[in-house]
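J.: Quick one: the structure is below, questions incoming.
The values are calculated or read from the model by the stated rules, or taken from the named source; none is laboratory data. Because the structure is predicted, anything quoted here is derived from the model rather than measured. Note that we place each Cβ from the backbone using ideal geometry, even for glycine, and neighbour counts take in every protein chain shown. What goes into the accessible areas is simple: the full protein's heavy atoms, side chains included, and nothing from ligands, DNA or RNA. Shrake-Rupley method; radii C 1.70, N 1.55, O 1.52, S 1.80 Å.
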Amino acid sequence: MNSKIKLYLGDCKERLKEIENNSIDLIFTSPPYADSRKNTYGGINPDYYVEWFMPIAGELYRILKPTGTFVLNIKERVVEGERHTYVLELILEMRKRGWFWTEEFIWHKKNCYPGKWPNRFRDSWERLIQFNKSKKFYMYQDNVMVPVGEWAKARLKKLSETDKLRDNSKVGSGFGKNISNWIGRDLAYPTNVIHLATECNNKNHSAAFPDSLPEWFIKLFTKEGDVVLDPFMGSGTTVIVANRMGRKAVGIEIVPEYYKIVTDSFISLQQTLFEESKNYVTNNVE
Ligand SMILES: C[S@@+](CC[C@H](N)C(=O)[O-])C[C@H]1O[C@@H](n2cnc3c(N)ncnc32)[C@H](O)[C@@H]1O
């Protein structure tokens, strides 16, 4: 893949077929939720969500490198008073088709305002489900380290014998929960709960990611020059952030107005870069 940005207009189920086998390092995406945004870009009936998604997942499997990662942002909606099970069914079906369900991150939307419902509280988190083709994938954990924090001062002073011994990681070279290893360090690894605020809708898209969300995963799973794909790119947050971070970016969007938002962003932000891939973009406008 030579150009730095490739943008496709159309249904990703079809356009993904144009992408080479084993060529993508990170797929980071949020597909349309089940029926939930009917008024904007259409929704998928929750009862058929897995059936709709599997042909797309098959293409994603083909184009992801064996060392790459697929992160799917999704959340089950409430149907007739209970959570629908399509996300759980999707995970089971993905596993049947060869994907490893490696991890699940929680995106805590820390600026959610409260609401009032008779039987539940305001939703303020979403799933980010990590799938891999192989158990050996690239992960640059040091890139997302965080300050050790106040807990360390009190906790590390009073280590019990168990604290010093327990829970060394059973995989590879990690040290798991053995907290004595943090003595004298300024930075620690984060947990799998990511606390990020949503952004006001200033991107002309009702479901745009905050930039910090794809940024965190791009740092964690890719290095400069790697290829990042968002097959449901919407207003293009993933591709714009990936490009800013020196990664190659590939995006697909079915709604022409959203697709144009992204091409316009590249025109206004990165005239030179856009010029390089302009022919490609234009050739792919249907
Ligand atoms: C949840 S939004 C993604 C928003 C995006 N993360 C952002 O930051 O703007 C899903 C997007 O997928 C697009 N979409 C829906 N079905 C599609 C398909 N079959 N192929 C490509 N894009 C599709 C929708 O038009 C919508 O813009």
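J.: Could you check the stretch 74-87 and list, in sequence order, the residues that are out of contact with any Asp or Glu (no Cβ under 6 Å at 6 or more places or on another chain) and under 19 Å from Phe28 (Cα atoms)?
T.: Ile74, Glu76
J.: So, one more: Give me the residue from the stretch 145-192 that is modelled with pLDDT of 85 or more and among the polar types (S, T, N, Q) and, out of that set, least open to solvent (accessible area, probe 1.4 Å).
T.: Asn192
J.: For the stretch 249-270, which positions are open to solvent by less than 30 Å² (accessible area, probe 1.4 Å) and small (Gly, Ala, Ser)?
T.: If the condition is that a residue be open to solvent by less than 30 Å² (accessible area, probe 1.4 Å) and small (Gly, Ala, Ser), then Ala249, Gly251, Ser265 are the ones that fit.
J.: State the number of residues belonging to the stretch 1-18 that are in a strand (DSSP E or B) and either open to solvent by 20 Å² or more (accessible area, probe 1.4 Å) or over 21 Å from Pro214 (Cβ atoms) (or both).
T.: Start the filter on the stretch 1-18 by keeping residues that are in a strand (DSSP E or B), which leaves 5-9.
Going one step further and asking which of them are either open to solvent by 20 Å² or more (accessible area, probe 1.4 Å) or over 21 Å from Pro214 (Cβ atoms) (or both), we end up with 6.
Residues in the stretch 1-18 being in a strand (DSSP E or B) and either open to solvent by 20 Å² or more (accessible area, probe 1.4 Å) or over 21 Å from Pro214 (Cβ atoms) (or both): 1 in total.
J.: In contact with a strand residue (DSSP E or B) (Cβ under 9 Å, 6 or more places away or on another chain), on the phi < 0 side of the Ramachandran plot and modelled with pLDDT of 95 or more: does that describe Asn132? Steps first, answer last, please.
T.: Numbers: in contact with a strand residue (DSSP E or B) (Cβ under 9 Å, 6 or more places away or on another chain): yes; on the phi < 0 side of the Ramachandran plot: yes; modelled with pLDDT of 95 or more: yes.
So Asn132 fits the description; yes.
J.: Where residues in the stretch 208-248 are among the small types (Gly, Ala, Ser) and away from the ligand (no atom under 13 Å from the Cβ), which of them is surrounded by the most Cβ atoms within 10 Å (Cβ to Cβ)?
T.: Start the filter on the stretch 208-248 by keeping residues that are among the small types (Gly, Ala, Ser), which leaves 208, 212, 225, 234-236, 242, 246.
If we keep only those that are away from the ligand (no atom under 13 Å from the Cβ) as well, we get 225, 246.
Numbers: Gly225: 10, Gly246: 13.
Per the stated criteria, the residue is Gly246.
J.: For the stretch 93-125, what are the residues that are modelled with pLDDT of 95 or more and acidic (Asp, Glu)?
T.: The answer is Glu93, Glu103, Glu104.
J.: I've got another one for you. Considering each residue of the stretch 19-45, count those that are open to solvent by less than 10 Å² (accessible area, probe 1.4 Å) and at pLDDT below 95, and give that number.
T.: Here the count works out to 1.
J.: When you go through His205, His195 one by one, which is the residue that is at pLDDT below 95, within 16 Å of the ligand (Cβ to nearest atom) and not small (Gly, Ala, Ser)? Give the derivation first.
T.: Numbers: His195 fails: within 16 Å of the ligand (Cβ to nearest atom).
Result of the check over His205, His195: His205.
J.: Considering only the stretch 91-110, I want to know if a residue exists there that is assigned to a strand (DSSP E or B), surrounded by 13 or more Cβ atoms within 10 Å (Cβ to Cβ) and of a type in the set (Val, Ile, Thr).
T.: yes
J.: Could you give every pair whose Cβ atoms fall below 8 Å, whose first residue belongs to the stretch 75-92 and is without any contact (Cβ under 8 Å) to a residue 40 or more places away in the chain, and whose second residue is in a strand (DSSP E or B) and buried (at least 17 other Cβ atoms within 10 Å of the Cβ), counting only separations of at least 6 or pairs across chains?
T.: Filtered contacts from the stretch 75-92: Ile91/Ile129.
J.: Tell me the residue from Val78, Val87 that is away from the ligand (no atom under 16 Å from the Cβ) and in the same structural domain as Arg127 (by TED's automatic domain parsing), please.
T.: Within the list Val78, Val87, the selection yields Val78.
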